Amino acid sequence: MNTTAKQTTLDNLKAVYLTAEDLRVAASILYNAYHDDPFFIAALHKGDKAQYEQKLRGAIREELHTLWQEEQALIGLFDDQRLIGLACIVTQQVPLGEARYWHWRLKMLMSTGWHSTQALMKKEASILEHLPSTQCGILQFIALTPIEQHKGLGSRLVQAVMSWCDEQPKLDGIGVYVTQESHVHLFSKLGFAAIEKLTIGSVEGDLLFYRSCESE
């Protein structure tokens, strides 16, 4: 791609809140992005690939709809009208971890089973325990469509998250649990600082944190 064409493509990008009509495509993007995620494999995979994929679809669908209903930040990256990536942020204004609402637990139990639901809650509880304050958000999901990866768009999406965070007067920052070294490098390059190395279940990862400009 020549420089002019690349610039035109970048000019067409916009980061805006998702609408209800975007959720189906958003769930598909997240499913493809997290299919091989070490945490989800450990939490949901019990030896049957088809069952794992069904559980993963269910977990993503239920979490996405819960975030939408709770009016949490679902930021989509669009190329004109086409959704090519998204980031989902949850704040502690809603109960997380062991404090999750009973209806979330019930839906997740039906979609993934008891042990998987417990693993998801324990992951959140572990992250919350290590964040600097109760006024911090968690980046639950961040993903691009497969054909848009390795084009530098991941940085654009992370920067959109950081800009959103800077605009929230009551938010101290955002934490993200990362299990892949390339993702650690991306977040670190853009201003996320390492807080702690966390082992959640059998999965080792890094908890990174972006401090809001408002809280500095």
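A few points about this structure:
- Listed by chain and number, the aspartates and glutamates placed with their C-alpha closer than 19 angstrom to that of K107 are E53, E62, E63, E70, E71, E98, E124; residues fewer than eight positions away on the same chain are left out.
- Segment 34-119 shape via C-alpha gyration tensor axes, a/c threshold 1.5: oblate
- Here the accessible area is traced with a 1.4 Å probe on the protein chains. For segment 163-216, carbon and sulfur cover 46 percent of it.
- Å² per residue, accessible surface of the chain at 1.4 Å: 52
- 222 nm mean residue ellipticity, helices alone, for the chain (DSSP H n ≥ 4; -39,500 (n - 2.57); rounded to 500): -14500 deg cm²/dmol
- Each residue, C213 and K46, gets one label point 7 Å from its Cα in the Cβ direction; the gap between the two is 4.8 nm.
- Rough spin-label spacing in nm, given labels placed 7 Å along Cα→Cβ, for E21 and S182: 3.4
- Here K151 is the anchor, and the lysines within straight C-alpha reach of less than 20 Å, apart from those fewer than 8 places off in the same chain, are K6, K14, K189.
- Taking the Cα centre of the chain as origin and assigning +1 to Lys and Arg Cβ atoms and -1 to Asp and Glu Cβ atoms, the resulting dipole is close to 480 debye.
The values are calculated or read from the model by the stated rules, or taken from the named source; none is laboratory data. Bear in mind that the values here come from a model prediction, so they are computed numbers and not experimental data. Heads up, the Cβs are rebuilt from the backbone with ideal geometry, glycines too, and the neighbour counts pull from every protein chain shown. Side chains are part of the model used for accessible areas, which takes the heavy atoms of the whole protein and leaves out ligands, DNA and RNA. Shrake-Rupley method; radii C 1.70, N 1.55, O 1.52, S 1.80 Å.
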